[in-house]
Amino acid sequence: MINDSRAIVALDFDGRADAEALVARLGDACGHYKIGLELLTAAGPGLVEELVGRGKEVFLDLKLFEIPDSVAGAVRAAGALGASMVTVHAMGGTGIMAAAVDAAREFPGLRVLALTVVTSMTGSDLADIGIGATTDEQVLRLARLAMGAGCHGVIASPREAGALRGVLGPRPLIVTPGVTLPGGEAGGHGARAGTAQAALAAGASHVVVGRSVTRAADPVAALRRVRDGR
Ligand code: C5P
């Protein structure tokens, strides 16, 4: 059984009304939401403040990859909204990750997570952009770089959680999206998916689940299945 704050529900909607309806439907069953670029752009930052005001944790998935000053500014803006997690691309290198961590210092509740390799990418996608490493090698390399830059944790696929925990030790957050419902319903989750139970057992600190819950006929029951593992 996974407790509330370890299972993060991704509010991947194109407007505020659908997001608010889902949050109302889940009620006390969910205390932790992820808002990405689609909803942030469509609904505006007021939704983040509203959720934070209602006692929810908000992971603002900005996937920052910019010059350090711009990254720092975006991280401060996320902190001012009350976000508890924000993402930066590790592929952007130490400079932008360190800028993000530095900017987050004035917000004690804000954690900077480094996105290693986007979970839908495969080895051949890496080869296409000139990276000879396998996805596993690249994830570990970027995770080490992220720790060196002071990041609080990493985003990776369920498949990499175990190796990352072994390399990073017990403290850093390891947040895994690409999570499927128990029973192998993997459709649409990409090449490196896995269940929440498997990801957490391997060493993930949090899992992110989206459509399996948000598009379910009964989202509360679907979230319960994610948490219970059956
Ligand atoms: O696939 P699902 O609807 O559960 O996705 C929830 C979130 O997880 C998305 O917002 C996306 O950012 C992330 N995700 C991911 N890699 C995948 C699938 C989803 O990073 N393969």
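Per residue, the accessible area of the range 1-84 comes to 44 Å² when a 1.4 Å probe rolls over the protein heavy atoms. Stretching the chain fully between Ser70 and Ala217 yields a gain of 48.9 nm (0.36 nm per residue, less the alpha carbon separation).
With a cut-off of at most 16 other beta carbons within 10 Å, and DSSP calling the residue loop, which chymotrypsin sites (Phe, Trp or Tyr not before Pro) in the range 1-77 qualify? Please list them. For chymotrypsin sites (Phe, Trp or Tyr not before Pro) across the range 1-77 that sit outside H, G, I, E and B with at most 16 neighbouring Cβ atoms in 10 Å, the list reads Phe65. Restricting attention to the chain, close to 5% of DSSP beta bridges with both partner residues there are antiparallel. What the phi angles of the range 23-31 give under the Karplus curve with 6.51, -1.76 and 1.60, with θ = phi - 60°, is a coupling list of 4, 5, 5, 6, x, 6, 5, 9, x Hz, glycine and proline written as x.
Remark on Arg111: its backbone amide H falls under 5 Å from those of Met85, Val86, a criterion applied only to residues 5 or more positions apart or on other chains, H modelled at 1.01 Å from N. Both radii were evaluated on the Cα set of the chain; the Rg over Rh quotient, with Rh as the Kirkwood radius, amounts to 0.95.
Taken as Cα centroids, the range 96-163 and the range 41-62 sit 23 Å apart, rounded to the nearest whole angstrom. According to the square roots a ≥ b ≥ c of the eigenvalues of the Cα gyration tensor, what is the shape class of the range 28-145, taking rounded for a/c under 1.5, prolate for a/b larger than b/c otherwise, and oblate for the remainder? Taking the square roots of the gyration eigenvalues as a ≥ b ≥ c, the range 28-145 is prolate.
For GluC sites (Glu not before Pro), the sites in the range 39-132 that DSSP calls loop and that have at most 12 other Cβ atoms within 10 Å are Glu106.
The values are calculated or read from the model by the stated rules, or taken from the named source; none is laboratory data. All figures in this text were calculated on a predicted structure; none of them were measured in a lab. Positions of Cβ are backbone-derived with ideal geometry, glycine not excepted, and every protein chain shown enters the neighbour counts. Protein only, heavy atoms only, side chains kept; ligands, DNA and RNA dropped before computing areas. Shrake-Rupley method; radii C 1.70, N 1.55, O 1.52, S 1.80 Å.
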